[in-house]
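J.: A single structure is presented below for examination.
The values are calculated or read from the model by the stated rules, or taken from the named source; none is laboratory data. On a predicted model such as this, the values are computed, not experimentally measured, just so you know. Heads up, the Cβs are rebuilt from the backbone with ideal geometry, glycines too, and the neighbour counts pull from every protein chain shown. All accessible areas refer to the heavy atoms of the entire protein, side chains included, with ligands and DNA or RNA removed. Shrake-Rupley method; radii C 1.70, N 1.55, O 1.52, S 1.80 Å.
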Amino acid sequence: MIGVYKRSKFLAEQEAISAARVGQHVMILNPTTPIGAGDRKPTPTGRIVVDFLNGKFPAYVDTGLNLVDVAEVARMHVIALDRGTPGERYILGGENLTLKQILDRMSAITGLPSPKYKVPHAVAMAFAFFDETITGKLRGKEPRATVEAVRMGRKFMFASSAKAERELGFRVLPIYNAMRAAIEWFVADGYAPPFTKVPQ
């Protein structure tokens, strides 16, 4: 697993499984990459949206994510208490999309240009190393790219939510509405300037 964050999530999950084995009422829900309104930090997913809206996405790498509507993830946390089987894991996902497809969809919503140039992972890794060193360590600011994120980007993080659909009634929703809600929220909350195109 790449990075201490991923490892910490795995170890926490093992503790939850152990608790279920000794009788605790524990279900494990694994959201993929949530997107929607209210992403205050923002999360890494939200950072993609914010950078795109601010024209800070000049190129892209060949990677893929599974985007899920955060509202549907929240709904399932309540439903799983009644419908879920203790000790079981359920992946809560949405659409499998390449990074380029994600950027193109945001372009269609906002009218902002989608980047045209694909950058090799080696180039992205060099930029991330530079950004972590200069921006992160020397200037004390949050880098736009990290070595860990670029390493993860080598994998297409696609997923299936068939089990959650079958056993919990989870709905795999088109991501357009959640993406539009995220964009509108970031603009309204001052993370990015308004765009001229009115979302359809």
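J.: How far is helix 44-53 tilted off the main Cα axis of the chain, in degrees rounded to 10, range 0 to 90?
T.: Taking Cα atoms only, the helix is inclined about 30 degrees.
J.: Distance in nm between label sites at Arg83 and Ala108, each 7 Å beyond Cα in the beta-carbon direction?
T.: Going by the 7 Å Cα→Cβ label model, 2.8 nm.
J.: A further question follows. Taking +1 at the Cβ of each Lys and Arg and -1 at the Cβ of each Asp and Glu, which of Ala162, Ala12, Ala122 sits farthest along the dipole of the chain towards its positive end, judged by Cα position relative to the Cα centre?
T.: Positive-most Cα among the choices belongs to Ala122.
J.: Kindly rank 29-36, 77-84, 11-18, 167-174 from highest to lowest mean number of other beta carbons found within 10 Å of each residue.
T.: On the way: 29-36: 20.8, 77-84: 13.6, 11-18: 11.8, 167-174: 16.4.
Packing order, densest peptide first, comes out as 29-36, 167-174, 77-84, 11-18.
J.: I'd like the Karplus ³J(HN,Hα) series for the range 26-34: coefficients 6.51, -1.76, 1.60, θ = phi - 60°, whole numbers in Hz, and an x wherever there's a Gly or Pro.
T.: Listing the rounded values in order: 10, 10, 10, 10, 10, x, 7, 10, x Hz.
J.: Sort Thr133, Thr63 by accessible area with a 1.4 Å probe, largest first. Display every interim value, and only then the final one.
T.: Numbers: Thr133 45, Thr63 15 Å².
So, going from the largest accessible area down, we get Thr133, Thr63.
J.: Arg171's amide H: which non-local residues (gap 5+, or another chain) put their own amide H closer than 5 Å, with H modeled 1.01 Å from N in plane and none for Pro or chain starts?
T.: Correct list: empty.
J.: May I pose another question? So how far apart, in nm, are the two label points at Glu167 and Asp189 if each is 7 Å from Cα heading toward Cβ?
T.: 3.3 nm
J.: Which ³J(HN,Hα) values in Hz, rounded to whole numbers, follow from the phi angles of the range 79-93 under the Karplus curve 6.51 cos²θ - 1.76 cosθ + 1.60, where θ = phi - 60° and Gly and Pro get x?
T.: Karplus-based 3J(HN,Hα) across the range 79-93 equals 5, 4, 4, 9, 9, x, 9, x, x, 8, 10, 10, 7, 10, x Hz.
J.: Turning to a different aspect of this structure: Grab the DSSP H runs of the chain that are 4 residues or longer, score each as -39,500 (n - 2.57), total them, divide by all residues and round the 222 nm result to the nearest 500 deg cm²/dmol. Present the calculation step by step, with values, prior to reporting the outcome.
T.: Working: 8 runs with 93 residues, N = 200.
Helices in the chain give a 222 nm mean residue ellipticity of -14500 deg cm²/dmol.
J.: How tilted is helix 176-188 with respect to the longest principal axis of the chain? Cα atoms for both, answer in degrees (0 to 90, nearest 10).
T.: With rounding to tens, the tilt is 60 degrees.
J.: Something else: Specify, per residue and in Å³, the volume enclosed by the convex hull of the alpha carbon atoms belonging to the chain. Don't skip to the end; give the middle numbers.
T.: Working: hull volume 25.4 nm³, N = 200.
Here the figure is 127 Å³ per residue.
J.: For the chain, what is the accessible area per residue in Å², given a 1.4 Å probe and the full set of protein chains? Please report the intermediate quantities before stating the final value.
T.: Working: 11470 Å² over 200 residues.
On a per-residue basis, the chain sits at 57 Å².
J.: Right, something else. Please calculate the 1.4 Å probe accessible area of Ser160, with all protein chains present, and give it to the nearest 10 Å².
T.: Result for Ser160: roughly 80 Å² accessible.
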